[in-house]
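Structure first, commentary second.
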Amino acid sequence: MALGTCPMLASLLLATTLSVPTAVSAHTTGPTGDSVDLPAIGALIDRVLPGRADGFALEVIPDSAGLDVFEVDQAPGRIVLRGSSGVALASALNWYLEQVAHVAVSLPLQPITLQSLPAVPTRIRQSTRYRIRYFFNYCTFSYSMAWWDWADWQRMIDWMALKGVNAPLAVTGQEAVWREVLQEFGFSRQQVGEFLVGPAYLPWGWMGNIDGLGGPLPDSWIESHITLERQILARERALGMTPVLQGFTGHVPAAITDIYPGARIHQTGDWSAGFSGTWFLDPTDSLFQRFGRRFVEAQTALYGTDHLYAADPFNEIDPPSDDSTFLAGMGHAIYGAMASADPQATWVLQGWFLYYQAKFWRAPQARAMMGAVPDDRMVVLDLWGDRYPVWKAREAFYGKPWVWNVLYNFGGKVSMNGDLPKIAANLDSVLRSPDKGRLVGLGMTMEGLGTNPIVPDFVMGQTWLDSVPPLDAWTRDYIARRYGVPDPHAWHAWQLLLATAYRSGAQTSNFLAERPQFYEKGTRYRSEPVPPYDPRILAAALDSLLAAAPALGTNDAYRYDVVNLARQVLGELGLPLINAVQSAYDRKDQAALRAAERRVLDLLRDLNTLVGTRREFLLGVWLADARRWGTTPGERRLYEWNARNIITLWGTKCTEGQNDDLNLYAFKEWEGMFTSYYLPRWEAFFTRLNQSVASGAPFDRAPFAAEMCAWEQQWSSETGSFPTEAQGDAVATA
């Protein structure tokens, strides 16, 4: 199976029909041995539409020249779903729900209740132009999914199948592979513990950016996540997906020279986040092939294989040499290690390095490493196609098959954003271009999931369309499905959102999440506090959305959107209110200063109350989900530290005036964060300002910042509890 194709059914001569639920008889198998697990699709229907599965009949049909196809039809007493794969059948269900039943299928996926199954007026047949439909970024496994259990994953996999995803990144449980291989090569338990990172930092361990941070990783975590990964893979495969597992990039513990004194190793340059470089084997060292082969063999023994291996050497870190021969050797070594264990191996490579490190990876360097791999044994992911399409600058990746992706979220930050017009225009541009080379796929590589369900719904909805639809018309239909009925107030609100938040690539957030300071124009802030639109238009959108409450107030998606939009509108008041504090401070007007400070603190409390009405915005849920994986008090404390630290300081350093320590890269606007983290820091800042005005001595920020650093580090080590259930009425509070 090459290039991650879904199971090939072109040779299937007869469609096989099955009503569901059914006896477990029923995989349909073609002459090639590929099969469609119809009971798995029936079970998905039952999860998505509880009690309605017997209203559907499933049929398997041939694909179209290797590309998936589905049909939605009507038979007496049943809706007929036909598909060329499990994913195609699930997509047929999604099409029926959205286009016939007119209900939304969005994240987070919830069971759908239909009083009856609307009839299909005419047979629908849809095919895709994309052989690969990719999903996930390594970072998503931290910023959104670090603490997920099987129930969370089951909902996610169902949504992916419904949206046509057939090649998800599947790297849960990789730590078990590392432990086994490292111990086999003679590393001690302590050395393994010093190498493997903690649960919140696993993606950057897999990508070779850091060692040890947040660890040592307990055996109980590793064992439980073997079980979880096997559940994930079994379900993804049952639904017709070809999961992307991990390949070996040469990253090894620094202690390797204690065990193999003659090993040739190199240290990468420091990661741009301020972390010291990690160590990797020289591609010419025989240990590279031995490690790489055993890695794939051990992984296959644990999890099986679908012959797709993600490997990203030098992610955001420069290699020690730009010599083309050396870089070609890395390409040969990485692919060779995969292929020695799996002759059908295909390397899935994130093209991020060609954007992020473009100064190093000039054409000769990029061609050297990528050209060392046969074209049909590599797939390149253009990670940020929605903003910076690298394919244009890199000759469509020099002949390699490639996938266009949307990366609209960084750090899993809470922000209403996603430049839908630019996403649509860039996708349309690549589809029309005669220079697109071997475009084979569509996907999403966001760092976090959550606050903008419209973006993944729009992007993955393109899987089954012949052309990119007009955005206004698509959104109008989408909102009517999302809220259950068309509403003029809601549609007017979304017209304004399309002109503001959803025309913005910037993740505009709340300046009050920053370490307390006055705003300096030209300084980069994690919160991107100055929106690239008039915030008064966003406030008007909130007014209009709230005006729809009498008609839509019982709809859960509406209630979520009201809170999310109110949070965004109120958050954008943070910077103006701090500017008012600065103005009063500069005038040394004590009364005005204290009044301005009160407004800031009241805003933080109001925001805490507002987001506390929705479970999606609760710090307590994030922390409780982390603690539940612990089997001892010490493990629970370790996981809570991971969960707290990743959304605040990120690392263990605490520097002032720079973001090189990743401080606040993944900050959250959640209930509990506003009052336990942001508010106490601003209170401390205001105390210093008031003392300065009273004494006449200038405010010295340096000692205050140092004190805040120590306070922030202490906060990560605390263990206080926060609500895990929403409180109050969302619409009334907004």
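Using 1/(1 + (r/R0)^6) with R0 = 41 angstrom and r between the beta carbons of SER467 and ALA732, what's the FRET efficiency to the nearest 0.05?
Values: r = 43 Å, r/R0 = 1.05.
E between SER467 and ALA732, to the nearest 0.05, is 0.45.
Quote the accessible area belonging to LYS392 in square angstrom, nearest 10, computed with a 1.4 Å probe and with ligands, DNA and RNA left uncounted.
Here the accessible area works out near 120 Å².
Charges only on Cβ, +1 for Lys and Arg, -1 for Asp and Glu: so what's the dipole of the chain about the Cα centre, in debye to the nearest 20?
Taking the Cα centre of the chain as origin, the dipole is about 820 debye.
If only Cα atoms are counted, what is the Rg of the stretch 509-619, and what is its Dmax, in Å?
15.8, 50
Can you give the FRET efficiency to the nearest 0.05 for ARG52 and ARG628, using r as the Cβ-Cβ distance and R₀ = 30 Å?
Computed FRET efficiency for ARG52 and ARG628: 0.40.
Okay, helix-only estimate at 222 nm for the chain: each DSSP H run of n ≥ 4 adds -39500 (n - 2.57), divide by all residues, round to 500 deg cm²/dmol; what do you get? Spell out each step's value before the answer.
Values: 29 runs with 317 residues, N = 734.
So the calculated ellipticity at 222 nm is -13000 deg cm²/dmol.
From largest to smallest, what semi-axes in whole angstrom does the stretch 452-553 give when each is the square root of 5 times an eigenvalue of its alpha carbon gyration tensor?
Calculated on Cα positions only, the semi-axes equal 29, 19, 11 Å.
If a/c stays under 1.5 just call it rounded; otherwise compare a/b with b/c (prolate if a/b is bigger, oblate if not). Do that for the chain, with a ≥ b ≥ c from the square roots of the Cα gyration tensor eigenvalues.
Oblate shape, in that a/c is at least 1.5 and b/c is the bigger or equal ratio.
Of all accessible surface on the stretch 486-595 at a 1.4 Å probe, what whole percent is carbon and sulfur? The partial results should precede the final answer.
Values: 2510 of 4580 Å².
Answer for the stretch 486-595: carbon and sulfur cover 55 percent of the accessible area.
Could you tell me how many cubic angstrom of Cα convex hull volume the stretch 132-213 has per residue?
Details: hull volume 8.5 nm³, N = 82.
Cα convex hull per residue, to the nearest whole number: 104 Å³.
Whole-Å semi-axes of the stretch 677-732's equivalent ellipsoid, largest first, each the root of 5 times a Cα gyration tensor eigenvalue?
Whole-Å semi-axes of the equivalent ellipsoid: 32, 18, 7.
Roughly how many Å is it from the Cα centre of the stretch 389-430 to that of the stretch 560-621, as a whole number?
33 Å
When only DSSP loop residues count, what GluC sites (Glu not before Pro) in the stretch 601-698 have their Cβ near at most 16 other Cβ atoms within 10 Å?
GLU656
Treat every Asp and Glu Cβ in the stretch 539-690 as -1 and every Lys and Arg Cβ as +1, leave all other atoms uncharged, and give the resulting dipole magnitude about the Cα centre to the nearest 20 debye.
Charge dipole, the stretch 539-690, about its Cα centre: 420 debye, nearest 20.
Heavy atoms only, probe 1.4 Å: what % of the accessible area of the stretch 198-326 goes to carbon and sulfur, would you let me know?
The nonpolar share, carbon plus sulfur, comes to 50 percent.
Between GLU635 and ILE112, how high is the FRET efficiency from 1/(1 + (r/R0)^6) when r is the Cβ-Cβ distance and R₀ = 41 Å? Nearest 0.05.
Here the calculated transfer efficiency is 0.65.
Could you work out the relative contact order of the stretch 226-332, using alpha carbon pairs under 8 angstrom and six or more residues apart, expressed as a whole percent?
35 percent
Suppose all protein chains stay in the model; what accessible area per residue would a 1.4 Å probe give for the chain, in Å²?
35 Å²
Pairs of alpha-carbon atoms within less than 8 angstrom and 6+ residues apart define the contacts here; what relative contact order does the chain have, in percent?
11 percent.
List every DSSP H helix in the chain whose Cα atoms extend 30 Å or more along the helix's own long axis and whose mean Kyte-Doolittle hydropathy is at least 0.0.
590-611
The stretch 61-215: Rg/Rh from Cα coordinates, Kirkwood Rh?
Rg/Rh: 1.14.
Could you pull out every one of the aspartates and glutamates with an alpha carbon less than 17 Å from that of LYS359, ignoring same-chain neighbours closer than 8 positions?
Excluding near neighbours in sequence, the set is ASP270, GLU316, ASP318, ASP322, ASP323, GLU395.
Compute the Cα gyration tensor for the stretch 587-734, then decide on rounded, prolate or oblate, letting a ≥ b ≥ c be the square roots of its eigenvalues: rounded whenever a/c is under 1.5, prolate when a/b is larger than b/c in the other cases, and oblate in all that remain.
Here the stretch 587-734 falls in the oblate category.
Using only the Cα atoms of the stretch 163-284, what are the Rg and Dmax in Å?
Using the Cα atoms of the stretch 163-284, the pair Rg, Dmax is 15.7, 51 Å.
Determine by what factor the alpha-carbon radius of gyration of the stretch 53-111 differs from 2.2 N^0.38 Å, reporting the quotient.
For the stretch 53-111, the normalised Cα radius of gyration comes out at 1.15.
Considering the options ASN564, PRO535, ASN690, tell which one lies farthest towards the positive end of the dipole of the chain, charges being +1 on Lys and Arg and -1 on Asp and Glu at the Cβ, about the Cα centre.
The residue sitting farthest along the positive end of the dipole is PRO535.
With a/c under 1.5 counting as rounded, go ahead and sort the stretch 352-399 into rounded, prolate or oblate using the C-alpha gyration tensor (a ≥ b ≥ c being the square roots of the eigenvalues; past the cut-off, prolate if a/b is larger than b/c, else oblate).
Oblate is the answer for the stretch 352-399, as a/c is 1.5 or above yet b/c matches or exceeds a/b.
Can you pull the three principal axis extents for the Cα set of the stretch 625-698, in Å, largest first?
So the three principal-axis extents are 55, 26, 22 Å.
Mean 1/r over all different Cα pairs, inverted: what Kirkwood radius does the stretch 86-171 give, in Å?
After inverting the pairwise mean of 1/r, the radius is 14.5 Å.
The values are calculated or read from the model by the stated rules, or taken from the named source; none is laboratory data. Model, not experiment: these values are computed from the prediction. Reconstructed Cβ throughout: ideal geometry from the backbone, glycine too, with neighbour counts over all protein chains shown. All accessible areas refer to the heavy atoms of the entire protein, side chains included, with ligands and DNA or RNA removed. Shrake-Rupley method; radii C 1.70, N 1.55, O 1.52, S 1.80 Å.
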